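A.B. asks: Pasting a structure below so you can have a look.
No lab work stands behind these numbers, since they all come straight from the coordinates. These figures come from a predicted structure and were not determined experimentally. Positions of Cβ are backbone-derived with ideal geometry, glycine not excepted, and every protein chain shown enters the neighbour counts.
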Amino acid sequence: MKIRSQSPLFIVALMCVLSVSNISAQTGATGNTENDHPYISWVSQYPALKSREAKHSTFRRIFDFLVQKNKGEVLTRPVGILAADPANFWVLDQGDELVFQVQKNKAEVPRTIKKKENYFTSLIGVCSMPGGNILFTDSRLNKVFVMNKGEKKLTILNDTLRLQQPTGIAYSIATDEIWVVETNAHRIAVLNRNGQLKRTIGDRGDGNGQFNFPTSIWIDDSGVAFIVDAMNFRVQIFDKNGSFVSTFGEAGDASGYFARPKGIATDSHGNIYVADALFHVVQIFDKSGNFLYSFGKQGREKEEFWMPSGIYIDSKNYIYVADSYNSRVQIFQLINGS
């Protein structure tokens, strides 16, 4: 049995403080008490409702987290998602330090990940490459890993590459490039498909094209990149060549503002979705960055979130949200046009 180093009393206190402070933040951010939006429909979740230990107390959940009870059987703290459809998707679990493939409501760890020599400390971002290979980042190991489609081997993408806290990662089909967010360097590393550095974008600051601890990234089919500039409380948009296009967002406690922006994605209409961990919602903006609406609120029931992080939208507008501190992935669908 593996015991984590954190004090249980410390984690209990931290969770209580976050819960209390986030209630007020959530109320100010959404102003809604019901998920009655006409555009987003709840579809399912993993683990399924019937299999979740919904009646466990907070202290029991903390204990299970500390001792890693049922490790590999259920999710602990999902953060990153890559999906083909609701019956087939990948999840990075930062709590279990594992990568799961969920198929038909059953999660399995790929054979290559199960090997004892594979040890991850802080899984963050994930994306796919042409041919089916999967890339994922570990922000403490400062590496990008490659898992091939056949699951026969796990390699490091260019082990000579020096990254500073790689977090978000995305592949641009328009330019055949891999964009990696270097959070601690306040920049974006642009790589070729072999992991060789081509150029970097940005430096530290609050001007256009500058960053202050960026985290997540999403690149659409045209090559436009959407980057969460977390501590500047905004989203920055760049064209396929890395030139600055526009920005939107600022810190605040009302709809359309940001408190702790995390994952980002776009739907087939070009609308921009941002998961905000402290508001416990997903906020949706149009192509110009104008706030449209949000869904979710703080809680443990379906359509509710507790510090969501990663988000992914597939080609059919299914929306996958890593509901991190509810230890699950919730799936929604956009049911009405743009």
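A.B. asks: Report for the stretch 294-338 the percent antiparallel among DSSP-assigned beta bridges with both residues inside it, nearest 5.
C.D. replies: Of the beta bridges lying entirely in the stretch 294-338, close to 90 percent run antiparallel.
A.B. asks: May I pose another question? Step through the residues of the stretch 236-249 one at a time and calculate ³J(HN,Hα) from phi using the Karplus curve (6.51 cos²θ - 1.76 cosθ + 1.60, θ = phi - 60°), rounding each to whole Hz and writing x for Gly and Pro.
C.D. replies: Once θ is set to phi - 60°, the couplings for the stretch 236-249 become 10, 10, 10, 7, 5, 8, x, 7, 5, 10, 6, 8, 8, x Hz.
A.B. asks: Under the Karplus relation 6.51 cos²θ - 1.76 cosθ + 1.60, θ = phi - 60°, what is the ordered set of whole-Hz ³J(HN,Hα) values for the stretch 136-143, x standing for Gly and Pro?
C.D. replies: In residue order, the calculated couplings are 8, 9, 10, 6, 8, 6, 6, 9 Hz.
A.B. asks: Can you give the FRET efficiency to the nearest 0.05 for residue 336 and residue 44, using r as the Cβ-Cβ distance and R₀ = 25 Å?
C.D. replies: Taking R0 as 25 Å, the efficiency between residue 336 and residue 44 is 0.80.
A.B. asks: What are the semi-axes of the equivalent ellipsoid of the stretch 116-247, taken as the square roots of 5 times the eigenvalues of the Cα gyration tensor, listed largest first and rounded to whole Å?
C.D. replies: 24, 17, 12
A.B. asks: What nm distance separates the two modelled labels at residue 203 and residue 142, each placed 7 Å from Cα along Cα→Cβ?
C.D. replies: Reported label-point gap for residue 203 and residue 142 is 2.0 nm.
A.B. asks: Report the full-extension gain for the segment residue 291 to residue 244: residue separation times 0.36 nm, less the Cα-Cα distance, to one decimal in nm.
C.D. replies: Working: separation 47, 0.36 × 47 = 16.92 nm, distance 2.07 nm.
Once the chain is fully extended between residue 291 and residue 244, it gains 14.8 nm.
A.B. asks: Ok, one more. So who's got an amide H within less than 5 Å of the one on residue 187, skipping anything under 5 residues away but keeping other chains? H placed 1.01 Å off N, in plane.
C.D. replies: The answer is 182.
A.B. asks: Report the Cα-based extents of the stretch 184-297 along its three principal axes, largest first, to the nearest Å.
C.D. replies: Its Cα atoms span 42, 30, 22 Å along the three principal axes.
A.B. asks: Each label point is 7 Å from the Cα along the Cα-to-Cβ direction; what then is the distance between the points at residue 173 and residue 152, in nm?
C.D. replies: It works out to 2.6 nm between the two label points.
A.B. asks: A further question follows. Calculated FRET efficiency, residue 212 and residue 302, Cβ-Cβ r, R0 25 Å, to nearest 0.05?
C.D. replies: Working: r = 35 Å, r/R0 = 1.39.
Calculated transfer efficiency: 0.10.
A.B. asks: Additional query: Extending each Cα 7 Å along its Cβ direction at residue 251 and residue 164, get the distance between those two points in nm, one decimal.
C.D. replies: Placing both labels 7 Å along Cα→Cβ, they lie 2.2 nm apart.
A.B. asks: Can you check what the net charge comes to around residue 284, using other residues whose Cβ is under 14 Å from the Cβ of residue 284 (Lys, Arg +1; Asp, Glu -1)?
C.D. replies: Values: positive: 287; negative: 267, 276, 286.
Net charge around residue 284: -2.
A.B. asks: Quick one: compute the contact order of the stretch 85-203, relative version, from alpha carbon pairs under 8 angstrom and 6+ residues apart, as a percent.
C.D. replies: Contact order relative to length: 15 percent.
A.B. asks: Out of residues 5 or more away from residue 77 or on other chains, whose amide H comes under 5 Å of its own, with H placed 1.01 Å from N in the peptide plane?
C.D. replies: Hits under the 5 Å cutoff: 94, 95, 96.
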